[in-house]
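Worksheet for the structure shown next.
The values are calculated or read from the model by the stated rules, or taken from the named source; none is laboratory data. Remember, predicted model here, so these are calculated numbers, not experimental data. Counting neighbours? That spans all protein chains shown, and the Cβs are built from the backbone with ideal geometry, glycine included.
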Amino acid sequence: MGFTSTVEIMSTRPLSPSSMRVARPVSQIPASLRFYVEILGLDQLGGFTGHNGYDGAFVGRAGSDWHIEFTSHESGMPKPSPTEEDLFVFYVSEDQLQEAATSLGEAGFALVRHENPYWANAGAVVCRDPDGYLVVLCPAQSLNQAQLGEAVKGTGSCSVTGVRSGGCNITYR
């Protein structure tokens, strides 16, 4: 089932966020910190405890405009509920990819094959974090118009309209 709407949504005032946070419930914040900070090498940027029953931690890269927030509630709810398409995709250098793959193996995290062949074709490394969410480490050079065009070719769902440093512009139809 694909996105088949013929309505094009174009705004005269495009959204221009100054930063981005992705929040995700986890079962154990210390296990998530070990995985993302000690094994993958992200920075622990901060955290909080006892905020209306919630504890949390922030990871990312110091000085960047994005971070990931891990939360848990004293009630145990909500529980993590990963699917095969709940991905954190990090575009990294070849050296970082090799270092991360080695660190993951040494820490006992198995690499998995994602059901979408795009990631294997791009040379990505895929594993599950302690809560079962998928983490994709993809070579940064795979983020280019030609390969993005191949990833969506023939799907009828979107087309690549341009690529700029640090991301891509995709128009959905």
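So GLU69 clears everything in (1) touching a strand residue (DSSP E or B) at 6+ places or on another chain (Cβ under 7 Å); (2) under 18 Å from PRO139 (Cβ atoms); (3) surrounded by 15 or more Cβ atoms within 10 Å (Cβ to Cβ); (4) acidic (Asp, Glu) except one condition, right? Which one?
Failing condition for GLU69: (2).
Looking at (1) exposed (fewer than 14 other Cβ atoms within 10 Å of the Cβ); (2) modelled with pLDDT of 95 or more, find the lone condition where LEU111 falls short.
For LEU111, the failing item is (2).
Here are PHE48, PHE88: which of them is among the aromatic types (Phe, Trp, Tyr) and in contact with a Lys or Arg (Cβ under 9 Å, 6 or more places away or on another chain)?
Numbers: PHE48 fails: in contact with a Lys or Arg (Cβ under 9 Å, 6 or more places away or on another chain).
Of PHE48, PHE88, the one residue that is among the aromatic types (Phe, Trp, Tyr) and in contact with a Lys or Arg (Cβ under 9 Å, 6 or more places away or on another chain) is PHE88.
Give all pairs with beta carbons closer than 6 Å in which a residue from the range 51-80 that is under 18 Å from TYR133 (Cβ atoms) meets a residue that is of a type in the set (Asp, Glu) and surrounded by 11 or more Cβ atoms within 10 Å (Cβ to Cβ); count only pairs at least 6 apart in sequence or on separate chains.
Close Cβ pairs (under 6 Å, with a partner that is of a type in the set (Asp, Glu) and surrounded by 11 or more Cβ atoms within 10 Å (Cβ to Cβ)) amount to GLY56/GLU69; PHE58/GLU69; SER72/ASP55; PRO80/ASP131.
Does the range 88-109 hold any residues that are closer than 18 Å to SER32 by Cβ and within 18 Å of the chain's Cα centre (by Cα), and which are they? Quick ask: steps written out before the conclusion?
Quick first cut of the range 88-109, residues closer than 18 Å to SER32 by Cβ only: 88-90, 100, 103-104, 107-109.
Selection gives PHE88, VAL89, PHE90, ALA100, LEU104, PHE109.
Would you pick out the residues in the range 85-105 that are touching a strand residue (DSSP E or B) at 6+ places or on another chain (Cβ under 7 Å) and not in a helix (DSSP H, G or I)?
Of all residues in the range 85-105, those touching a strand residue (DSSP E or B) at 6+ places or on another chain (Cβ under 7 Å) come to 86-92, 94, 97, 100-101, 104.
ASP86, LEU87, PHE88, VAL89, PHE90, TYR91, VAL92, listed by residue number.
With exposed (fewer than 15 other Cβ atoms within 10 Å of the Cβ), among the charged types (D, E, K, R), at pLDDT below 95 and in contact with a Gly (Cβ under 6 Å, 6 or more places away or on another chain) as the only criterion, which of GLU94, GLU84, GLU74 stands out? Can you show your working first?
Numbers: GLU94 fails: in contact with a Gly (Cβ under 6 Å, 6 or more places away or on another chain); GLU84 fails: in contact with a Gly (Cβ under 6 Å, 6 or more places away or on another chain).
Every option except GLU74 fails the conditions.
So, in the range 30-68, how many residues would count as being within 14 Å of the chain's Cα centre (by Cα), farther than 18 Å from LEU104 by Cα and not in a strand (DSSP E or B)?
Looking only at that region, the number is 1.
Where the second residue is part of a loop (DSSP other than H, G, I, E, B) and modelled with pLDDT of 95 or more and the first is basic (Lys, Arg) and lies in the range 7-36, which pairs have Cβ atoms under 6 Å and are six or more apart or on separate chains?
Sorted first by the residue in the range 7-36, then by its partner, the list stays empty.
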